[in-house]
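Quick notes on the structure that follows.
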Amino acid sequence: MTGDEDSRMCKDISEDACHQQPGNFWRHLLASLGTKLADEMASARLVLPWLLGLIGAPVWMVGLLVPIREAGALLPQLLVAGFIRPLPQRKWVWVAGASIQALMALGLVMITLLAEGNFAARHGLDGTLAGSLVLILLILLSLGRGVASIATKDVLGKTIAKQRRGRLMGWSGSVAGAMTLLAGVALMLLGEQPGQQVLAILMAIAALGWTLNALCAAMIREDSGATSGGANAWETVHDGVIQLKHDAAFRNFNLARALLLSSALALPYIALLGQQQSGESLGGLGVLVVVSGLAGMLASPIWGRLADTSSRRVMRNAGAGAAVCCALAGSMAWWPQALADNIWSYALVYGLLVIAHAGIRLGRKTYVVDLATSDNRALYVALSNTLTGVLMLVLGLLIGGLAQWLGSEWLLMILAVVAACAALCAQRLPEVEDD
């Protein structure tokens, strides 16, 4: 699968790990497949907004889905890194994180089923209470994701050699993308089935995906690693703040990254508008899943090549594209009725915003890596992720309140302005690929 004649070539892992690498490659591949599939089946950008719409949750809750999902995964990483450093084997931390996600997904299955029809009416499980339970489970799920994420990267570095890791992620991404597209097609075919029952099946598949991830992680053959050299989380934050004060390019990058959060915050509201147009039919959700999967698969390689030339321009262009998409989505209420009532209109705009969002993610990841040096790269990434996590929570509360007050359409118009400001901010950043 890796295309190498000499599968025994290992550059940066131990001899024992090299012997175990072929088997570990497959365990990592299946584990990654499980988690990628689970992330799509319980997507905070697409599936959970649809669920909140079906159970009648307040609009402001939709604005918290993506911030909770992202911040819950980003904020604990500094603390988790210090916790797992003294552990000789880190795969059990990975197993614990994946198991937490599987259990929370099962909880989402229960809420999805119980919030339906007569049971909800008899027991007072209204949209606000059901939506609150969804948010609580999402918080716990996201914390599990953060724990598993940092342990996964550590175990990957210990068990899979350089020049194999990218191909491993490429294979898992391709297989998971294909399965996601199949799930979207299935949703289109099951469009007339009871919506909440089908969504419960999606959450159950997500639980199985994270269970597969945990089982494969437990079977990975991991050597004991170094346990010294860990840094205190607060000292790391202190050093990062000093760098933020003295490095103007890093400071401006974080400002641009904060404004570019508008694309992630806009996606669930376009999905919500699609749900309001489709009602309880899941055919519309299937259309959005298929379009989103195709857009992501096609866009990332193109953005990647462009980012190698200028990640600053990728951030700028993707930000401008996100501004146009948000403006289009926000203005749909004034479109001709034949277009405004067609799910394909929402799917087209959603797919275009997914393309722009992929460029934003890839551009900012490339920029911060190229901006930093080998001495401060880990510090820059950790601090930038922490700042983003905090901002996600603050903006989620603000955006949710605006959506409840103004409605989804006007909120998307505001996010269009924010994305345009992000593009202008990215334009002012220095080029780093030429240095």
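What follows draws every value from the coordinates through simple rules; no lab data is involved. These numbers were taken from a predicted model, which means no experiment stands behind them. Cβ atoms come from the backbone with ideal geometry, glycine included; neighbour counts cover every protein chain shown.
Net charge around Cys421, counting only other residues with Cβ within less than 15 Å of its Cβ (Lys, Arg = +1; Asp, Glu = -1)? Walk me through the numbers on the way to the answer.
Details: positive: Arg257, Arg316, Arg428; negative: none.
Around Cys421, the surrounding residues sum to +3.
Between Thr309 and Leu129, what is the spin-label point distance in nm, taking each point 7 Å from the Cα along the Cα→C-beta axis?
5.8
With r defined as the distance between the Cβ atoms of Gln276 and Met413 and R0 fixed at 25 Å, what FRET efficiency is calculated, to the nearest 0.05? Intermediate values should be presented prior to the final figure.
Working: r = 17 Å, r/R0 = 0.69.
Plugging the Cβ-Cβ distance into 1/(1 + (r/R0)^6) gives 0.90.
I want the local charge near Ala264. Using Cβ-Cβ distances under 10 Å, sum +1 for each Lys or Arg and -1 for each Asp or Glu among the other residues.
Values: positive: Arg45, Arg69, Arg361; negative: Glu70.
Around Ala264, the charge tally is +2.
With θ set to phi - 60°, apply the Karplus curve 6.51 cos²θ - 1.76 cosθ + 1.60 along the stretch 396-412 and write out the HN-Hα couplings as whole Hz, x wherever there is a Gly or Pro.
Rounded to whole hertz, the list is x, 5, 5, 5, x, x, 5, 5, 5, 7, 9, x, 4, 5, 5, 4, 5.
Peptides 53-62, 389-398, 314-323: what's the order by average Cβ count within 10 Å, highest mean first?
On the way: 53-62: 21.4, 389-398: 17.9, 314-323: 25.0.
The densest-packed peptide leads the list: 314-323, 53-62, 389-398.
Modelling each spin label as a point 7 Å along the Cα-to-Cβ direction, I'd like the Ala249/Leu182 distance in nm, to one decimal.
My value for the distance between the label points is 4.6 nm.
Along the stretch 248-262, what does the Karplus equation 6.51 cos²θ - 1.76 cosθ + 1.60 (θ = phi - 60°) give for ³J(HN,Hα), rounded to whole Hz, x for Gly and Pro?
Per-residue couplings from phi come out as 5, 5, 5, 5, 5, 4, 5, 5, 4, 4, 4, 5, 6, 4, 4 Hz.
All other residues with a Cβ under 12 Å from the Cβ of Gly396 taken together, and with Lys, Arg as +1 and Asp, Glu as -1, what is their net charge? Don't skip to the end; give the middle numbers.
Numbers: positive: Arg69; negative: Glu70.
With Lys, Arg at +1 and Asp, Glu at -1, the neighbours total 0.
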